[in-house]
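Worksheet: the structure to be examined is printed underneath.
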Amino acid sequence: MAFAALLAACSHDDGPWQLTNVSGHLPDLSFTLTEDTGKAVTASAFRGKTTLVYFGYTHCPDVCPETMARLMQVLEKLPAADAKQVRILFISVDPARDTPQALHDYVTAFDAQHIRGLTGTDAQVESLAKRYRVAYQMEKRDANGNYEVTHSSAVYVFDRDGHARLLATSSDTPDAIAHDLQRVIEHGA
């Protein structure tokens, strides 16, 4: 009886993921882009942190600010020590308008500690979007030259070694994202 109790205490089964498990289906985090400080940055700068990647743009009227607000809720649900292990990368799909300064202003309005805004050339952004199967398209300009960019709204979760682990969609609650994110942070699994 004591052996069965000891065995039960030692086994650690967190059950199924609440988000979509993409382990082995998407490539590791890899890029060379420009950070919101204006400096070049590679994915290796984020090794050691659990990294959430979101493709959006600063002029987005709804989906991007809603997603960023939801990710702020996720961080609030994590223990403080775990939240310190998270970086959110907001990668612009509108590099023409999203200068490093525009990105810096945008991401710091949400959270200067955890979020980094990233941009690059059209070719860099297109290549990275293809790598992670992100769809986006510039819409027609209006009479004032303004336009929207239709884009995917998924958030990609990479573990501290840069391996793609999970995919969160707009239907996933902050509680579900926080639950799975904490598992990735604590166990790497």
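The values are calculated or read from the model by the stated rules, or taken from the named source; none is laboratory data. Note that this is a predicted model, so its numbers are computed, not measured. Neighbour counts are summed over all protein chains in view; Cβ atoms, including those assigned to glycine, are modelled from backbone coordinates with ideal geometry.
Figures for the structure shown
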read-out	value
Among (1) surrounded by 12 or more Cβ atoms within 10 Å (Cβ to Cβ); (2) modelled with pLDDT of 95 or more; (3) not polar (S, T, N, Q) - the single one V63 does not satisfy	(2)
Any chance Y132 is within 16 Å of the chain's Cα centre (by Cα) and at pLDDT 95 or above	no
Total residues in segment 134-180, condition of a type in the set (V, I, T) and without any contact (Cβ under 8 Å) to a residue 60 or more places away in the chain	2
Residue pairs meeting the criteria (Cβ under 7 Å; at least 6 apart or on separate chains; first without any contact (Cβ under 8 Å) to a residue 60 or more places away in the chain, in segment 110-122; second in a loop (DSSP other than H, G, I, E, B))	T121/P95; D122/P95
Sole residue being crowded, with 21+ Cβ neighbours inside 10 Å and not small (G, A, S), chosen from L26, L52	L52
Residue within segment 37-45 that is touching a residue at least 12 places away in the same chain (Cβ under 8 Å), part of a helix (DSSP H, G or I) and in contact with a Phe, Trp or Tyr (Cβ under 7 Å, 6 or more places away or on another chain) present	yes
In segment 54-74, residue farthest from the chain's Cα centre (by Cα) [restricted to those that are β-branched (V, I, T) and under 12 Å from T169 (Cα atoms)]	V63
